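*Asks:* Provided herewith is a single structure, encoded as C-alpha cells, for subsequent inquiry.
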Amino acid sequence: MDKCMLQEYVDACELIRETEQDIRKLNRKKGADLTNGNDGSLRQEQGLLEQRKDCAERIRFQIEAWMLTIPVRMQRIVRYRHLAGLSWEQVAVKMGRNATAESVRKEYQRFIR
C-alpha cells in the first residue's frame, strides 16, 4: 500500500457520496419523466451510476481491510492526515504524547516506504 492508494481511498469515499447524490437526483427526475417515456434511458443511467458506486466501494473496502493490518498508531496517523485532511501540526496534537509535526511526518514516511 502506498500514498497513492490512500489518496484513491479519499477519492473513492467522495465518489460514493457524490454518486449517491446523483442517484437521488435521478430518482426525482424519474418520477417526473415517467409520463414522457424516458424510463428506459433513466434506468440505464441508474445502472451506470450503481456500477460507478460499486467500483468505488470495492476500492474503499480493500483499503479499509488493509488499514486493519497496520499498527493502530499508524491507522490513526493515516486517518487524521488523509481522511480528515489535517496538517501535520494538527495530527501531532491529536496524537498527543509530545508528538511534533516533524516526528509524526517522519514516522509516516518511514512506514510508507
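The values are calculated or read from the model by the stated rules, or taken from the named source; none is laboratory data. Just so we're clear, the structure is a prediction, and the values are computed from it rather than from any experiment. Cβ: placed from backbone, ideal geometry, glycine included. Neighbour counts: every protein chain shown. Keep in mind that these areas ignore ligands, DNA and RNA; they rest on the heavy atoms of the full protein, side chains included. Shrake-Rupley method; radii C 1.70, N 1.55, O 1.52, S 1.80 Å.
*Asks:* Please give the helix 39-67 orientation as an angle from the longest Cα principal axis of the chain, in degrees from 0 to 90, rounded to the nearest 10.
*Replies:* So the inclination is approximately 10 degrees.
*Asks:* For the pairs Lys3/Lys25; Lys25/Lys53; Lys53/Lys94, flag any whose C-alpha to C-alpha distance is greater than 24 Å. List each step's numbers first, then the result.
*Replies:* Numbers: Lys3/Lys25 33 Å; Lys25/Lys53 15 Å; Lys53/Lys94 32 Å.
Beyond 24 Å between Cα atoms: Lys3/Lys25; Lys53/Lys94.
*Asks:* While we're on this one: Leaving out ligands and nucleic acids, and using a 1.4 Å probe, what accessible area per residue does the chain come to in Å²?
*Replies:* Values: 7350 Å² over 113 residues.
Value for the chain: 65 Å² per residue.
*Asks:* Continuing with this model, one more query. Figure the gain on full extension for Val93 and Arg52 (residue separation times 0.36 nm, minus the Cα-Cα span) and round it to one decimal in nm. List each step's numbers first, then the result.
*Replies:* Details: separation 41, 0.36 × 41 = 14.76 nm, distance 3.69 nm.
Residue separation times 0.36 nm, minus the Cα-Cα distance, leaves 11.1 nm.
*Asks:* Among Asp54, Asp39, Asp11, which one shows the highest mean-square fluctuation when the chain is modelled as a Gaussian network with alpha-carbon springs under 10 Å?
*Replies:* Highest fluctuation among the options: Asp39.
*Asks:* In debye, nearest 20, what is the charge dipole magnitude of the chain about its Cα centre with +1 on Lys and Arg Cβ and -1 on Asp and Glu Cβ, if you could check? Walk me through the intermediate numbers first.
*Replies:* Working: 22 positive and 17 negative charges, 110 e Å.
For this selection, approximately 520 debye.
*Asks:* Of Phe61, Phe111, which has the most accessible area with a 1.4 Å probe, and how do the rest follow in descending order?
*Replies:* Working: Phe61 110, Phe111 70 Å².
Listed by decreasing accessible area, they come as Phe61, Phe111.
*Asks:* Once the whole set of protein chains is in place, how much accessible area is left on Arg79, using a 1.4 Å probe, in Å² to the nearest 10?
*Replies:* 100 Å²
*Asks:* Then there's this: Top to bottom by accessible area (1.4 Å), largest first, where do Lys106, Lys30 land? Mind dumping the intermediate values first?
*Replies:* Details: Lys106 95, Lys30 40 Å².
Output order, biggest surface exposure first: Lys106, Lys30.
*Asks:* At 1.4 Å probe size, with the rest of the protein present, what percent of the exposed accessible area of the chain is carbon and sulfur atoms?
*Replies:* Values: 3710 of 7350 Å².
On the chain, the fraction of accessible area on carbon and sulfur atoms equals 50 percent.
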